[in-house]
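Note sheet for the following structure.
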């Protein structure tokens, strides 16, 4: 029976923690040939969430893909989380997804085919919430299983939000709590309560649709979603792309239940240390900053929240709108300044 099959038994690293380290990716992408096309509004140069191609004066397409190994035990929930994560790249750029294709790797032997059916159904349920039509896909025989979506979104070419859009003086708001990588690792080890684990899954299933709507309302220009490279890794990518420095307030971080306790007990996944290696040459940490909080900021997130740069005079408005939309953990966590460093205060 598929209900008895635990997808977490198939992987060592699941979800976005399975990404190749950011430093390795950067070394590869630097030599990729570039195409000079004035309609390409966003490409790999800034390592943004997705590519953007202009179709007309008032329409551009956002193109993205994302897939990963299991992040949870239940196949339907795995499908939900992968879909929410794949759609997030469109939302992070202020767009609206509308079309998608399934991308699947699944072993034809060893795992009941009913498990695959449940994964697809979970993804379809979340796509429906996003008003996105899944119109096909591709499956190959492979172990361990992996799943995700290729997504097409739409946006006005003059309203694209990118990771290069931060400006000095912007305030940084994070929309979801941190620590999903730690919670999932703790689940494998039997260290976390079912209540904390269940809440973590619910946040990973949640679309970033409301966050995108708020960004458009308050005039945010720079944003990204927080996934496999952790909060610090994605902040560094934004800082590089925008040519700015970022200061983060460690005492203001929104954390999932039990995350700090687990980090304090040593439950820190290997992906967090790889992310720390990526940022450390550009990172300044004030002496009073808690080590556990620093490592939580490096924790690889799956279907994490959006970190957005908001004009200083619209922070309260943004927070009120986010909280009204059910993003109860959304809070101000930092600011943008003229410089090149990432500072943890």
Based on what the data block shows, is residue 58 surrounded by 15 or more Cβ atoms within 10 Å (Cβ to Cβ) and in contact with a helix residue (DSSP H, G or I) (Cβ under 8 Å, 6 or more places away or on another chain)? no
Tally, over the stretch 20-49, of residues that are in contact (Cβ under 8 Å) with a residue 60 or more places away in the chain and touching a strand residue (DSSP E or B) at 6+ places or on another chain (Cβ under 8 Å): 5
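Got at least one residue in the stretch 249-258 being touching a residue at least 60 places away in the same chain (Cβ under 8 Å) and farther than 23 Å from residue 186 by Cα?
Residues of the stretch 249-258 that are touching a residue at least 60 places away in the same chain (Cβ under 8 Å), as a first pass: 249-250, 252-258.
This time we only want the ones that are farther than 23 Å from residue 186 by Cα, so: 249, 252.
Checked against the condition, which is being touching a residue at least 60 places away in the same chain (Cβ under 8 Å) and farther than 23 Å from residue 186 by Cα, the stretch 249-258 yields at least one hit.
Okay, residues lined up against (1) surrounded by fewer than 19 Cβ atoms within 10 Å (Cβ to Cβ); (2) part of a helix (DSSP H, G or I); (3) in contact (Cβ under 8 Å) with a residue 12 or more places away in the chain:
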| residue | (1), (2), (3) |
| --- | --- |
| 165 | no, no, yes |
| 168 | yes, no, yes |
| 172 | no, no, yes |
| 183 | no, yes, yes |
| 191 | yes, no, yes |
| 210 | no, yes, yes |
| 220 | no, no, yes |
| 223 | no, no, yes |
Of everything in the stretch 42-53 that's touching a helix residue (DSSP H, G or I) at 6+ places or on another chain (Cβ under 7 Å) and surrounded by fewer than 19 Cβ atoms within 10 Å (Cβ to Cβ), which residue is modelled with the highest pLDDT? 44
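Does residue 111 satisfy the condition of being in contact (Cβ under 8 Å) with a residue 24 or more places away in the chain and within 21 Å of the chain's Cα centre (by Cα)? Steps first, answer last, please.
On the way: in contact (Cβ under 8 Å) with a residue 24 or more places away in the chain: yes; within 21 Å of the chain's Cα centre (by Cα): no.
Spelling it out, it is not the case that residue 111 is in contact (Cβ under 8 Å) with a residue 24 or more places away in the chain and within 21 Å of the chain's Cα centre (by Cα).
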The stretch 267-345: strands (runs of 3 or more DSSP E) wholly inside it with 1 or more residues that are touching a helix residue (DSSP H, G or I) at 6+ places or on another chain (Cβ under 7 Å), touching a residue at least 24 places away in the same chain (Cβ under 8 Å) and under 16 Å from residue 216 (Cα atoms) are 306-310
Can you tell which of 103, 135 is closer than 20 Å to residue 303 by Cα and either modelled with pLDDT of 95 or more or in a strand (DSSP E or B) (or both)? 103
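The values are calculated or read from the model by the stated rules, or taken from the named source; none is laboratory data. Bear in mind the structure is a predicted one, so any value in this text is a computation, not a measurement. Every residue, glycine as well, gets a Cβ built from its backbone with ideal geometry; the counts of neighbours run over all protein chains shown.
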